[in-house]
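What follows is one structure encoded as structure tokens, with my remarks underneath.
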Amino acid sequence: MPRKLPKKDVVIVGLGWTGSIMANELTDEGLDVIAIERGPWRDTPTEFPPNYAQDELRYRIRHELFLRPEQTTFTFRNKMNQTALPIREWGSFMPPNGVGGGGVHWNSETWRFQPSDFVLKTHLIERYGASFLPEDMTIQDWGVTYDDLEPHYDAFEYLCGTSGMAGNLRGKIQDGGNPFEGPRSRPYPNPPQKQPFSHALFGKAARDLGYKPFPQPSGNMSQAYTNPLGLHLGPCTYCGFCEWFGCGNYSKASPQTTVLPHLIRKSNFSLRDNSEVTHINVDRSGKRATGVTFVDTGGDEWEQPADLVILAAYTVFNVQLLLHSKIGTPYDPVANKGVIGRNFTHQTISSVNGFFDNKKFNFNPFISSGSIGMCIDEFNGDNFDHGPHGFVGGGYMGQVQTGGRPIQTTPVPPGTPKWGAAWKSAARDNYLSSVKPGSGVHGSFYSYRDVYLDLDPTYTDRFGRPLMRMTIDFHDNELKQNAFLTDKFAEIIQAMGAHTVEKQYRKGPYDATEYQTTHLNGGAIMGTDPTTSALNRYLQSWDVPNLFVTGATAFPQNAGYNPTGTVAALAFWAAAAIRSQYLKNPGPLVHA
Amino acid sequence: MRKAIKISILIGTAAAWLCAVGMSRAADPDEQKFDRIQRGHYLATVADCFACHTVPKVGKPFAGARPLETPFGVITTPNITPDPETGIGAWTDQQFDDAVRKGVLPNGKRLYPAMPFPAYTKMPREDVLAIRAYLATVEPVHQAVKTNTLPFPFNIREAMWVWDALYFTEGEYKPDNSKSAAWNRGAYLVQGPGHCTTCHTPKSFLGGDKNAENLRGSILQGWFAPDITGDSKQGLGDWSEADIRTYLKTGHNRISAATGLMAEEVVNATSHYRDSDLSAIATYLKSLPQRQDNPAAPQPESSLMTAGQAIYQDKCSACHGIDGAGVPMLFPSLVQSGLAHATDPSSAIRLVLRGGRSVATKQEPTAPGMPSFGWQLNNDEVAAVLTYIRNAWQKAAGPVSADAVGKTRDQLATRAD
Amino acid sequence: MLLLSTVQSRATLISGELPWTPNAGNPPAPVRPGPWHYFTSDEARAVEAFADRIIPPDPQTPGGKDSGCAVFIDRQLAGPYGRSEGHYNQPPFMNGTKQQGPQSAKGPAATYRDALAALDQYCQSKYQGKRFPDLSDQEKDDLLKALEDGKVKLEGVDGQSFFTHVIKDVQEGFFADPLYGGNVDMVGWKMIGYPGARYNYLDWLDRHNERYPLPPVSIMGRNDWNPKKS
């Protein structure tokens, strides 16, 4: 029987980006807030100091900062007619764990989705006709528009000190920025980061080919910055140990550097770490959350009652908790009914390696940062006419190589043996003169009827609860999109002066062992129709009005950009709705 | 104890108590006046009674029982809440004044100078009584504290008679008429209620102030509290008055950050000082002259400097910059750091070995931390990198020896803070 | 206040200030040279032989053996990696598709042990009693190539997948920080021109297409840190 703790106004499950933003907003409103985080407390000078953070084996290969599958994992299959098996070690994505969540180890690539992304279904049908879309594609409009979110994107960018070049300032296209972006109300808070050699060279090649390259918007500081909460960040020193790693010198935007030192001083905020929430409790009517149950390090259960529950864990853990707590109707792909688990998506990633004459090119790939690179957006979203191509969607592409850590970055030209003297000399001769962009092509992943989440019938976690099952495969649409984009990307790499270009298309079936970003989305999506969405436009549960679910869980489909900017903007948007509307009149904010 | 003696002690105590009650404060008509209490509250903040007389984080305010580390052992602070039995509620004003400004207790015993009466003696009686008026309004806490926890022979209070004769000069602050009002106010605050001298003035082997070296830096509780005169190498010579004000008010400025014991002082005391008082303190400190004993600084051995530069580049430059200038308000400037160039490198060694967290205040909540390098750098390497930092840029401050590092490392090994 | 709530749940309740303690953090523990922690001496010889064929010695750069790759693998297998600590090791174990990833309870340490035994058995039967390390370089390369192509099958183990695994581990050891036992003297880093565990390149950011001059440094330092070096 769980022991009951004193009631709080708000309990927040998970203290990552959205948990931190929510906690800060709601404590400003005077509410008594407790955050419960499954993983440990983490902070810069202790967990990732610059005297041992530069450890590729420990943090990138053995992924020390991440969740252990032993604590929780998922089962996976490509198709519904297969048996799902456990993901016993992480592969295609890597869930975070600990205070700061993904915000600790992210690249800090900080993009906004395009205006058309939010009204995708309407937009695509209008332009191409309904029959242009695959029959089993289940994309939806979001219920919010880019204009709704613009001030909240801005708030996040200023919180983070995002370094970038505006491309569209209140409708006026700006030279040097992304001409395809939605209009922004003011410039970025920091100028863009300076680009190292290969990244600048890509930009030049892209420009020569007629594209409009721009610096990737970055949460690594281009200069010392003080954010609106009075917190100081230092300039990024291009260490090349960004994603997978915590930042050792306060120069990457994270909850640790942009929110927590301010938040922790508030007398109406507290945090429990190393406590895993296992259940969102609802009353007998099923329509009101009463708080959460969590397990401490000793295995004992506790109940934290609260008037308002914010589910702010990583995407798939949000969905998992909803399923275990029996909140919302689970999705049934056969009957095409239900909402929890539907519209599950990932990201369509590929790359192209380039090999150059080592007597003419010295790239020093180890000089880099997490969100670096000159990018082009000509092939994202609906920025080009898809009519002749037979697919929808797209992505940005760029020489976004974030470092030269040698275990993972000793590319050899195609055809080189994988071992032996030939491998050795190829590794030696190409390290300084090759480019390995990593996620050079970063494409959208739209939603489909048979790509979804539900509970596994066989495998359980350490509490005996069913693991969540992922059924996910690529559809032709995304593979065609990727082939097209990869070819375009290769042209630019070639134009940089590479003597050999190695295209690495994304091919099906979806492989759970190959890393493809941790941009998992959907499963409890937002929308205007409770029969096809779990949350209303304010991220409020249709079923349980005092439950809000933040994160990319809300995305009805994924766009061709990194999700964090949009995840954070939605959190600010939901917080604003709670502060200005919900608290005055608790109850459903939208009547469907 | 024999019955007769017991009875006489009892009668004596009862008589003393009756006298105390009879001579209680009821005679002073101004005691409850609001502005007197306000003034007393401010002065108590400047004198920072709270810090020593309260157990950090969990103790009731002013109820004592805080162990204070001194070079002679650990002493425990008394309860100064108005509780009549275990606090100072039954004391007369005279008794309070005698304790604070003379170091004498109502029973005639002397206080150890852990209670900074040698500094508080500079306060006028009315300031001390204002503090008393404030303290009389705090919540009384019934908590008996055994204060004399020093080891033998230091627990013999009678010995303080000798110490006082050697080191204690009773007397209020006398203004220097050749200096401005602000300077005098600053001098008063620093030497009197602010008692900066208690930590920052070097001590003799018996723990008395070495007045000739006023505020030139002193060691306590494993830290070297640096020179805070206007000395350009080891003191505040590079700091403007605004820098000093900002540091005291927020714990941070463009050059430095408060950590360790000073962090506590900022949070409890200086961050609450009036701006005019902070300016006065800055005026006074900056006026204190250059040291005569700065090392002539022969250039350290090139092998130390070369090794130190390699270590600095590889391990320190990520935060403190390739040029040593740091990042204002985030990473202290080593180029201008008095602490780094101090004759006594203990604080610098301590920070390198154990790391540190700078203070968080309302205005400056970031509280950046320095990681611990003790596991990574051996004594030779710490000595080399500190030697480099002390000599590579604008100031030359002599080398740091591996032996000094080793001694400090051993001393710090058992510390919990 | 930072309270360790023993009255309440066994997890820290944090509020009021950022936690800090001296000497905090979790620095890595460098590998100490010495006897093998996991391998038997026969197994170690075999793995050293693998290492020297995967990364053969040449006049400029030592091979896998002298670079310490076998030591690296030995220490890794003796630790949590070898035991698949942190993996989801609950049954049932069923064979799946390649996309579903490894589905065995056997961790890397056990895999090495079994595969090296099977390889030993194979070599002794095929090469008149000679073990893998005793074969000539050409014979070793031929055998490894055949393993790689799936042309040679080992008894009871997937030789092809094992060899892929060994290539990965050897190359990891060659390029990981020397504190883990491989990349001795940072020879792997020197070979490719990687400057190691540095953190500040601001003064080289604008120097496009110039060779970075500083030598590599490990997390545990470099020779230049020693003021007493000759």
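What follows draws every value from the coordinates through simple rules; no lab data is involved. Since the structure is predicted, the reported quantities are computational estimates derived from the model, not experimental observations. Backbone-built Cβ (ideal geometry, glycine too); neighbour counts: all protein chains shown.
Worth pointing out:
- Rounded to two decimals, the Cα radius of gyration of the protein assembly as shown over 2.2 N^0.38 Å is 1.03.
- Magnitude of the charge dipole, the protein assembly as shown, Cβ model with Lys/Arg +1 and Asp/Glu -1, debye to 20: 1640 debye
- Listed residue pairs exceeding 23 Å between alpha carbons, taken from C:65/C:98; A:194/A:359; A:79/A:326; C:145/C:190; A:326/A:584; A:212/A:488: C:65/C:98; A:194/A:359; A:79/A:326; C:145/C:190; A:326/A:584
- Residues in the stretch B:44-76 reached by a label modelled at residue B:155 [backbone nitrogen below 18 Å; 7 Å Cα→Cβ]: B:65-76
- Based on Cα atoms of the stretch A:418-522, Rg over Rh with Rh as the Kirkwood radius reads 1.11.
- Between residue A:63 and residue B:212, the distance separating the two model label sites (each 7 Å from Cα on the Cα→Cβ line) works out to 6.8 nm.
- Straight Cα distances below 24 angstrom link residue B:179 to the lysines B:122, B:210, B:286, with same-chain residues fewer than 8 positions distant left out.
- In this Cβ point-charge picture (+1 for Lys and Arg, -1 for Asp and Glu), the stretch B:24-167 has a dipole of about 260 debye about its Cα centre.
- The angle between the Cα long axis of helix B:302-311 and the longest principal axis of the Cα atoms of chain B comes to about 80 degrees, rounded to the nearest 10.
- Per-residue [θ]222 nm for chain C (sum of -39500 (n - 2.57) over DSSP H runs n ≥ 4, rounded to 500): -10500 deg cm²/dmol
- Cα centre as origin, Lys/Arg/Asp/Glu Cβ charges: chain B dipole, Debye: 720 debye
- Net charge in the neighbourhood of residue A:227 (other residues with Cβ under 14 Å of its Cβ; Lys, Arg +1, Asp, Glu -1) is -2.
- Violating pairs (Cα-Cα greater than 24 angstrom) within the set C:126/C:168; A:7/A:287; A:204/A:424: C:126/C:168; A:204/A:424
- All other residues whose Cβ lies under 11 angstrom from that of residue B:352 are scored, Lys and Arg at +1 and Asp and Glu at -1, for a net of +3.
- The trypsin sites (Lys or Arg not before Pro) found in the stretch A:106-183 that occupy coil by DSSP, while having at most 10 further C-beta atoms within 10 Å, are A:170.
- Intensity falloff of chain A expressed as log10 I(q)/I(0), Debye formula with alpha-carbon point scatterers, at q = 0.08, 0.10 Å⁻¹: -0.51, -0.82
- Projecting the Cα atoms of C:63, C:101, C:136 onto the charge dipole of the stretch C:1-159, computed from C-beta unit charges around the Cα centre, puts C:101 farthest toward the positive end.
- Packing, as the average of other Cβ atoms within 10 Å across residues, places the peptides C:179-189, B:315-325, A:557-567 in the order A:557-567, C:179-189, B:315-325, highest first.
- Every pair of different Cα atoms in the stretch B:181-287 enters the Kirkwood calculation, which places the hydrodynamic radius at 13.8 Å.
- Here the label points at residue C:138 and residue B:403, each 7 Å from Cα along the C-beta direction, are separated by 6.6 nm in the simple model.
- The stretch C:198-208 - phi-based ³J(HN,Hα) in whole Hz, Karplus 6.51/-1.76/1.60, Gly and Pro as x: 9, 9, 9, 10, 4, 7, 10, 4, 8, 8, 5
- Residue A:1 versus residue B:142: modelled label distance in nm, points set 7 Å from Cα along the beta carbon direction: 3.7 nm
- Top of B:248, B:377, B:278 by mean-square fluctuation, Gaussian network on chain B, Cα under 10 Å: B:377
- With Cα atoms, 0 to 90° folded angle of helix B:241-250 axis to chain B main axis: 60 degrees
- Förster radius 45 Å - calculated FRET efficiency between residue C:37 and residue A:136 (Cβ-Cβ, nearest 0.05): 0.25
- Fewest-first sequence of C:165, A:386, B:341 by Cβ atoms within 10 Å of each Cβ: C:165, A:386, B:341
- Using θ = phi - 60° and Karplus 6.51 cos²θ - 1.76 cosθ + 1.60, couplings along the stretch B:377-384 (whole Hz; Gly, Pro as x): 10, 7, 4, 4, 6, 5, 4, 5
- Separation of alpha-carbon centers, the stretch B:248-300 and the stretch A:356-422, rounded to whole Å: 52 Å
- Listed by Cβ neighbour count within 10 Å, with the fewest neighbours leading, A:123, B:53, C:37 appear as C:37, A:123, B:53.
- The stretch between residue A:583 and residue A:226 holds 125.4 nm of extra length on full extension. This uses 0.36 nm per residue minus the Cα-Cα distance.
- Formal net charge of residues neighbouring residue A:107 (Cβ-Cβ distance under 13 Å; K, R +1; D, E -1): 0
- Dipole orientation for the stretch A:47-106: of the candidates A:69, A:80, A:92, A:80 has the Cα lying most toward the positive pole (charges on Cβ; Lys, Arg +1; Asp, Glu -1).
- For residue A:35, nonlocal amide neighbours, meaning residues 5 or more places apart or on other chains whose placed amide H falls under 5 Å from its own, are A:12, A:270, A:271, A:272.
- Between helix A:17-28 and chain A: long-axis angle, C-alpha atoms, 0 to 90°, nearest 10: 50 degrees
- Couplings 3J(HN,Hα) of the stretch B:140-152, computed from phi: x, 10, 8, 8, 7, 10, 8, 8, 7, 9, 6, x, 4 Hz, in residue order, whole Hz [Karplus 6.51 cos²θ - 1.76 cosθ + 1.60, θ = phi - 60°; x for Gly and Pro].
- Dipole orientation for chain B: of the candidates B:119, B:246, B:162, B:162 has the Cα lying most toward the positive pole (charges on Cβ; Lys, Arg +1; Asp, Glu -1).
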